[in-house]
1. Go through the stretch 69-114 residue by residue and tally those that are on the phi > 0 side of the Ramachandran plot and surrounded by 19 or more Cβ atoms within 10 Å (Cβ to Cβ).
2. Which residue, of Val122, Val118, Val209, is farther than 26 Å from Ala62 by Cα and of a type in the set (A, V, I, L, M, F, W, C)?
3. Take the stretch 73-130 and flag every residue that is among the acidic types (Asp, Glu) and either touching an Asp or Glu at 6+ places or on another chain (Cβ under 6 Å) or without any contact (Cβ under 8 Å) to a residue 12 or more places away in the chain (or both).
4. What residue, among those in the stretch 43-68 that are more than 23 Å from Gly113 (Cβ to Cβ) and in contact (Cβ under 8 Å) with a residue 12 or more places away in the chain, is surrounded by the fewest Cβ atoms within 10 Å (Cβ to Cβ)?
5. Glu117: under 12 Å from the mean Cα position of the chain (by Cα) and surrounded by fewer than 16 Cβ atoms within 10 Å (Cβ to Cβ), yes or no?
6. Do we have Val208 as under 17 Å from the mean Cα position of the chain (by Cα) and either among the β-branched types (Val, Ile, Thr) or not assigned by TED's automatic domain parsing to the domain that holds Ala123 (or both) here?
7. Please verify whether Ala145 is assigned by TED's automatic domain parsing to the domain that holds His82, farther than 16 Å from Ile97 by Cα and more than 23 Å from the chain's Cα centre (by Cα), treating the condition exactly as stated.
8. Any residue at all in the stretch 190-210 that's more than 22 Å from Glu107 (Cβ to Cβ), crowded, with 18+ Cβ neighbours inside 10 Å and touching a Gly at 6+ places or on another chain (Cβ under 6 Å)?
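The values are calculated or read from the model by the stated rules, or taken from the named source; none is laboratory data. Keep in mind it's a predicted model, so treat the numbers as computed, not measured. Cβ placement follows ideal geometry from the backbone for every residue including glycine, while neighbour counts extend to all protein chains displayed.
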Amino acid sequence: MARTIEWGAQPSDLRKRARRIVARFPARRMGMSTLDSLLERNEEFAAAQRTAGTLMPSLPKALPDVRAIVIGCADMRVDPVHVLGLRPGEAVVMRNIGGRITPGLLEQLQLLGRIGEVAGAVAGGGGEFHLIVLQHTDCGITRLAGDHAMLAQYFRIPEADLKAKAVLDPRAAVALDVAALRKIPALPGSWLISGLVYDVTTGRVEVVVPAARAHAA
């Protein structure tokens, strides 16, 4: 409800009150662009991290605290940081269209493994480590189902094989992608691989493929 102006208020009081109102809506400040707002939030983030002593300037020291790799979709509604409540440094997040296991994503996983080798540190410190595939309902990739040439190029497969990718069904797709990961001998056998589907209408995550070791012991 709008507040009335107190006619007896001093100009300085009104200015202070106006500043407080503007401070509550930083993105709407006069002349402030979206980028300006993002940079301001970064300043707040940096200050909070410095105060808490939680900045991570050393990669080798940070790697043992990583507990998971989350493979998710680039969709702005499905940021794993928010959906799963990830804390800074808790997980490596990799995102692409659909959250799919593609040749390009596998190349990135290989690079991550090499980075760990060069850094001389093991993700998770050798303890429990998860590889999570997170897909979701109403995914934009379903709108490309009729664009066979583009999807075939994305997955690097013949167009005739696209049906096997279950582009229209996120639950079938996540199960297929988890199965594909289990076939990769280079993945550490002790890693726990799971497949999740986020429902954009409820905000809840469904476990489609429960966590299990990448390879049988």
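1. 2
2. Working: Val122 fails: farther than 26 Å from Ala62 by Cα; Val118 fails: farther than 26 Å from Ala62 by Cα.
From the options Val122, Val118, Val209, the qualifying one is Val209.
3. Correct list: Asp79, Glu107, Glu117.
4. The residue in question is Thr54.
5. When the stated conditions are applied, Glu117 does not pass them.
6. On the way: under 17 Å from the mean Cα position of the chain (by Cα): no; either among the β-branched types (Val, Ile, Thr) or not assigned by TED's automatic domain parsing to the domain that holds Ala123 (or both): yes.
In short, no.
7. Criteria not met by Ala145.
8. Within the stretch 190-210, one or more residues are more than 22 Å from Glu107 (Cβ to Cβ), crowded, with 18+ Cβ neighbours inside 10 Å and touching a Gly at 6+ places or on another chain (Cβ under 6 Å).
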